[in-house]
Amino acid sequence: MTTHAAVAAPGARLKKALRRRDDHGGTPRLSPLWTFVAWLATLAFFAPVAWMVLTSFHQEADAATNPPSPLAPVTFDQYKLLFSRDITPFLLNSTMASVISTLLVLVLAVPTAYALSIKPVQKWTDVMFFFLSTKFLPAIAALLPVYLIVKDAGMLDNVWTLIILYTAMNLPIAVWMMRSFLAEVPKEILEAAEVDGAGLPTVLLRIVAPVAMPGLAATSLICFIFSWNEFMFAVNLTATNASTAPVFLVGFITSEGLFLARLCAAATLVSLPVLIAGFAAQDKLVRGLSLGAVK
């Protein structure tokens, strides 16, 4: 065997071993059939959204045709009518209620999850079950008591009422999610910080938060989406001053009929903040949702 062949042989064997690992036990490869099924499912979920966006650029007469005409003339009249109806206050109310409630949820959920995961309290499983049990009751069953309490407190048609409700509704979910995320924080880092004399605020802000940032991003985005899309409490507890974007959509379902093109334009506009937030945080969202899934 020549010197060149002797040197090349280990490399060839390594390539063959890696190829064998990929074929039998390495990274799984989807067959063309499953790839086709995955793309088909993706298109099936995306098709209604694409149709909604396309319909928002049509006139009402073209949107109401049966069968629909996707090649109808494109127009921006529906979006002009939306802003002429002053959709801005509804978007601002939704933004205020969603953002502030999400921040409050994080402020309350992170220390709670820290106490239940990194510094576990006694009978922490009972505490977690209590948080989960608050989601057992259907929201519609609590509507009447909540309405009477809010009415007696003089807080009807107030955006702060929605903020308090959204915080209470999302807090159990955030605690459950953050506990699984914080359980993955290496204990050695926390012990080293305690040896250096770091207090709890310092540990949470400078150590736990950076390590658990993907989990924080995932929890924040999910709480924001739930708050932004909430409809039942918003439509029953608000009137004119604190109505949110989902309540604004109901205005296009009238006794005169369904304004389909205008409703699609409003739904597209209302969906944009959530889509933008999800696209901006997609890398952290995927890492956060997979954190703690594999031991």
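The values are calculated or read from the model by the stated rules, or taken from the named source; none is laboratory data. Quick caveat, the model's predicted, so the values are computed rather than measured. All Cβ positions, glycine included, derive from the backbone under ideal geometry; neighbour counts span all protein chains shown. Note: accessible area is taken over every heavy atom of the protein model, side chains too, but ligands, DNA and RNA are not part of it. Shrake-Rupley method; radii C 1.70, N 1.55, O 1.52, S 1.80 Å.
Observations on the model:
- Label-to-label distance, Leu258 versus Leu272, with points set 7 angstrom from Cα along the beta-carbon direction: 2.5 nm.
- Low-density loop cleavage sites - chymotrypsin sites (Phe, Trp or Tyr not before Pro) in the stretch 40-111, where at most 16 other Cβ are within 10 Å (DSSP): Phe76
- Using the alpha carbons alone, the radius of gyration of the stretch 89-133 stands to its Kirkwood radius in an Rg to Rh ratio of 1.21.
- Environment charge at Phe83 (Cβ cut-off 14 Å; Lys +1, Arg +1, Asp -1, Glu -1): +1
- Amide H within-cut-off set for Leu258, under 5 Å, with H built and near neighbours excluded: none
- Annotation: extensible slack from Ser84 through Phe136 equals 14.5 nm (criterion: 0.36 nm per residue apart, minus Cα-Cα distance).
- Between the beta carbons of Val146 and Asn241, assuming R0 = 22 Å, the FRET efficiency works out to 0.75 to the nearest 0.05.
- Placed amide H near Thr238: partners under 5 Å, 5+ positions off or other chain: Asp157
- 3J(HN,Hα) along the stretch 76-87, derived from phi through the Karplus expression 6.51 cos²θ - 1.76 cosθ + 1.60 where θ = phi - 60°, amounts to 9, 4, 5, 6, 5, 5, 4, 6, 6, 8, 6, 7 Hz, with x in place of Gly and Pro.
- Chymotrypsin sites (Phe, Trp or Tyr not before Pro) restricted to DSSP loop in the stretch 96-151 with at most 14 other C-beta within 10 Å: Phe136
- Highest to lowest packing among 202-214, 270-282, scored as the average C-beta count within 10 Å: 202-214, 270-282
- Sequence-distant aspartates and glutamates (8 or more away, or on other chains) whose Cα lies within less than 16 Å of Lys135: Asp126, Glu230
- Förster-model FRET efficiency, 45 Å R0, Asn158 and Asp196, C-beta, rounded to 0.05: 0.45
- Principal semi-axes in Å for the stretch 69-177 [√(5λ), Cα gyration tensor, largest first]: 37, 20, 15
- Applied to the stretch 238-246, the Karplus parametrisation 6.51 cos²θ - 1.76 cosθ + 1.60 on θ = phi - 60° returns per-residue 3J(HN,Hα) values of 10, 10, 10, 7, 10, 5, 9, 4, x Hz, with x for Gly and Pro.
- Note that the stretch 187-204 has calculated 3J(HN,Hα) couplings of 5, 4, 5, 5, 5, 5, 5, 5, 5, 6, x, 6, x, 4, x, 5, 4, 5 Hz, one per residue in order, obtained from phi through the Karplus relation 6.51 cos²θ - 1.76 cosθ + 1.60 (θ = phi - 60°); glycine and proline are x.
- Of Met96, Met177, the order by accessible heavy-atom surface (1.4 Å probe, DNA, RNA and ligands excluded), from most exposed downward, is Met96, Met177.
- Average projection, convex hull of the Cα set of the stretch 66-108: 5.4 square nanometres.
- Förster radius 51 Å - calculated FRET efficiency between Val211 and Phe231 (Cβ-Cβ, nearest 0.05): 0.90
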